[in-house]
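Student: Pasting a structure below so you can have a look.
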Amino acid sequence: MGTARVWGEMGRWTIIVLIQLAKAILRLLLLLWYKAGIQMSPPIVPLNRETQQPLHPQGDSSGKDQTYVGRRSSRVVRSLQSTPSLQSRHWGSPQQREESQSRRAEEMNQPPTPLGLQETIAESIYITRPLLHLLSLGVWGQRSWKPWLLSAVLDISSLSLLRDRVRPLMDYLPAWQKIYFYNWG
């Protein structure tokens, strides 16, 4: 918006094209350099609150709970008294710490999915889609539906080339539904 005020509409679109061009070039360089695809496990394992049990002190003489369970949300939150120092703090549940350290070590050793020619072409189509959309906006104008149709065709063709690689993404669906449950009504 600031660019449109300073340099006008042409300057605004120039900045948008330059940003999208830089993003596409860097993504293509990463794709061609590493030739790696979808990771088989998520980098951050979602916290499953149903399996976590609230911690209560055993043999604690102060009588204060280590956690607080929300009445409406049933969220388990540490009390301030049981919170470790900032240097030794971790952002998972207290029970999850030991499990996550051993799991993280074996997940870091898993190689990414190698990409073949078909998958590399599909990723390249997906990466260049914003540039082609901007180019089509320049050719057909902002009021035309053709740039949107072109983007949809590119998305569908990219996904159809990746049809056998989409399965790992579907494994994440229950976790995404749990996080964003209000969107899956």
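Read-outs: derived from the displayed coordinates by stated rules, not from any lab. Here the structure is a predicted model, which is why all the values come from computation and not from measurement. Positions of Cβ are generated from backbone atoms using ideal geometry, with glycine treated the same way; all protein chains shown enter the neighbour counts.
Student: On a full-extension model of 0.36 nm per residue, what is the gain between Trp148 and Thr113, subtracting their alpha-carbon distance, rounded to one decimal in nm?
Tutor: Computed gain between Trp148 and Thr113 is 9.5 nm.
Student: Something else now. Give a residue-ordered list of calculated ³J(HN,Hα) values for region 122-136 (Karplus: 6.51 cos²θ - 1.76 cosθ + 1.60, θ = phi - 60°; whole Hz; x for Gly, Pro).
Tutor: Couplings: 4, 5, 5, 4, 5, 5, 7, 4, x, 5, 5, 5, 5, 4, 5 Hz.
Student: Could you line up Ile15, Ile125, Ile156 from fewest to most neighbouring Cβ atoms inside 10 Å?
Tutor: Final ranking by Cβ density, sparse to dense: Ile156, Ile15, Ile125.
Student: Take peptides 128-134, 139-145, 25-31 and line them up by average Cβ neighbours within 10 Å, highest first, as a rough protection proxy.
Tutor: 128-134, 25-31, 139-145
Student: Using Cβ counts within 10 Å as a stand-in for footprinting exposure, how do Leu32, Leu150 rank, fewest first?
Tutor: Final ranking by Cβ density, sparse to dense: Leu32, Leu150.
Student: Using 0.36 nm times the number of residues separating Ser79 and Ser160, minus their current alpha carbon distance, what extension gain do you get?
Tutor: Here the segment from Ser79 to Ser160 would lengthen by 24.2 nm.
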